[in-house]
Every structure is written in C-alpha cells, then in structure tokens.
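A short worksheet on the structure shown next.
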Amino acid sequence: MRREPHVLFDNGTHQCLLFDDLVRGEGVQTNQFLITDHGQYLLLDPGGDLTYTPLSLELAKRIPLQELTYIFASHQDPDIISSLGKWLLHTKAKVLCSKLWARFLPHLTANYLAMSHGISTFDRIIALPDRGGSIPLGRCQLKAVPAHFLHSVGNFQLYDPVSRILFSGDMGASLVDDATPVRDFASHIPHMDAFHRRYMASNKVCRLWAGMVRGMKVDMIVPQHGRPFVGKEMIDAFLDWVERLECGIDLLGPDDYQLPK
Ligand SMILES: [Fe+2]
Ligand SMILES: [Fe+2]
C-alpha cells in the first residue's frame, strides 16, 4: 500500500505535492514533485523507469496526465529524467533543462518516438541559459535558479515564490527512507555528509549558492532525496553547514590520481 503524497502547500489554486514512496527495489529513495497553478501542471525531477509507472498512476488520479504542462529536470542524472521518453509519449509536456544537457537528453529516447509518433525530443526541450529565468505556470512565475556544479555542471533548482519552497535537487539530499522535516540538525548531518563531500564540486560554489539563498524568501528547502528543511532555524542550520563544507575538488590530491596497481 503506497502512502499518500505529502501536501507541502495548498491555497486552493496553487498546490505543491511531494511523492516520496514510489521507488521499490535497489534504487536510492527519491522525491518527485507536482506543482499545480490554475489548471497548469509542472512535474519536477520525475526519475527513471523505476518511478514512471507508479508516478504516472498517482498523477492520473489528480490531473489530466496528457495535459501536463512542463517537466523540469534539475540535471541529467538517471534518477532525475531517464524516463523522458515515456513522458514525451504519454503527455504533451515541454521539458525544461540546462542548455548544457539539451543535446544529450535525446540519447535517453528511442528512435520509434520520431519514426512512429513524429515526436522530436529536441523540439520538446526548453534549454535554460546559465542564469536561469522565469517559468510561467498558471498565474504564477516559478524561477529556475542557478545551482551549477551542485552537483552537475549544468544544474538548476526550482523556486516557487507562492509557497516559498526552494526545490533544491541534490543539494541538501539525505540518504534516508524518510521525507518528514528534519527536527534535529546535528543528528541529520551523518545522512548528508558523505554524499555532499563527494558529489558537490567545491566549497566555493557551496558558499556562492548559500549567499544567494540567504537573499531569497525561503520557507522550505526540499531536496530530491530524503528530508526537507522547514522554517528559518533549520534552513539557517543547513546554510551554515554547507557553506563551511569542504567537498569535491577541495578534498582531492595526487593520491587520488594514481594508476591502479
Ligand atoms: Fe544527481
Ligand atoms: Fe539525485
């Protein structure tokens, strides 16, 4: 029996849902998100084959699936967008992703989409410039926020000014099978530490990102894996931690580049 999605925000015309319970088997736990506003629908980081069927069934209970307006891919990873072909075939959605990935994503789709269905993957992609931009959805404007090198070279997060949620992708991710808000930051660190040290590119980009987020009105940071940070105290604790974190190339030296014996 699957759990119902978490309702992160709902004011009657604008809704943010978190699906945290769709992965079964060997894949890492992932969160998928649906944002709706006045009859338009954005699906955020839908995942791969593992999540396509359960997610599409859950969405179909709530929205006319065919009419999905956008799919937002924060980056190019398998747990983010490898189900692309199925979404292109079964919905009308346009796919938003970094311009760095626009010519690579068509490798995820099969030729029969073009041959039998006349679907050009590239024509369905909206390539975002490095500075990001606004995404009109219903009567609101979502923001594609730069988060390059956190961890992917072309990486965006999604900021929703209505709910004040920052959907942070892999930033803030924790490898736990739980999507309830973090209560005790110190005891949560071990679930994030190794992942951030290895995947995030460097302390410099963590600091730049944290500085940007401190200037935004954010009530919730919600990552693509694990538990969200809700409220000022938890958000500040995460920003304080991540801007001091040494990670990625900060930690690499000659020992890491040796011909294996
Ligand atoms: Fe990733
Ligand atoms: Fe991820």
Two-site FRET efficiency, residue 53 against residue 256, from Cβ-Cβ distance with R₀ of 25 Å, rounded to 0.05: 0.05
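Counting other beta carbons within 10 Å of each residue's own, what order do 58, 246, 26, 233 fall into, fewest first?
Working: 58 20, 246 13, 26 6, 233 10.
Taking fewest neighbouring Cβ atoms as first place, the list is 26, 233, 246, 58.
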Taking 123, 236 and counting other C-beta atoms within 10 Å, the order from fewest to most: 123, 236
For the range 202-208, Karplus couplings with θ = phi - 60° (6.51, -1.76, 1.60), whole Hz, Gly/Pro x: 5, 4, 4, 6, 4, 5, 4
Hits among lysines - C-alpha to C-alpha of residue 94 under 27 Å, sequence gap 8 or more where chains match: 61, 86, 143
Signed unit charges on C-beta, dipole axis of the range 6-251, positive-most listed residue 23, 54, 108: 108
For the chain, calculated [θ]222 nm from helices alone, where every DSSP H run of n ≥ 4 adds -39500 (n - 2.57): -7000 deg cm²/dmol
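Placing unit charges on C-beta atoms (Lys and Arg positive, Asp and Glu negative, everything else neutral), compute the dipole magnitude of the chain about its Cα centre in debye, rounded to 20. Let's see the in-between values first.
On the way: 26 positive and 29 negative charges, 149 e Å.
The dipole magnitude comes to about 720 debye.
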13 Å beta-carbon shell around residue 76, net charge (K/R +1, D/E -1): -2
Spread of Cα-to-Cα distances over 5 Å intervals beginning at zero, given as percent, for the range 6-251: 1, 6, 15, 19, 21, 18, 11, 6, 2, 1, 0
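With +1 on the Cβ of every Lys and Arg and -1 on the Cβ of every Asp and Glu, and nothing else charged, how large is the dipole of the range 1-108 about its Cα centre, in debye rounded to the nearest 20?
Numbers: 10 positive and 12 negative charges, 74 e Å.
It works out to roughly 360 debye.
Net charge around residue 53, counting only other residues with Cβ within less than 15 Å of its Cβ (Lys, Arg = +1; Asp, Glu = -1)?
+1
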Residue exposure sequence - 56, 83 - by fewest surrounding Cβ within 10 Å: 56, 83
Using θ = phi - 60° and Karplus 6.51 cos²θ - 1.76 cosθ + 1.60, couplings along the range 34-48 (whole Hz; Gly, Pro as x): 10, 10, 10, 8, 6, x, 10, 9, 10, 9, 10, 6, x, x, x
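Which percent, to the nearest 5, of DSSP beta bridges fully inside the range 6-251 are antiparallel?
Working: 29 of 43 bridges.
Of all bridge pairs located within the range 6-251, approximately 65 percent are antiparallel.
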Choice from 41, 70, 112 with maximal GNM fluctuation in the chain (Cα, 10 Å cutoff): 112
Residue 114 paired with residue 243, simple spin-label distance in nm, labels 7 Å along Cα-to-beta-carbon: 4.7 nm
Candidates 82, 98, 152: whichever shows maximal mean-square fluctuation once the chain is modelled as a Gaussian network with Cα springs under 10 Å: 152
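No value in this document is a laboratory result; all are computed from the given coordinates. Worth saying up front: this structure is predicted, and the values here are computed from it rather than measured. Backbone-built Cβ (ideal geometry, glycine too); neighbour counts: all protein chains shown.
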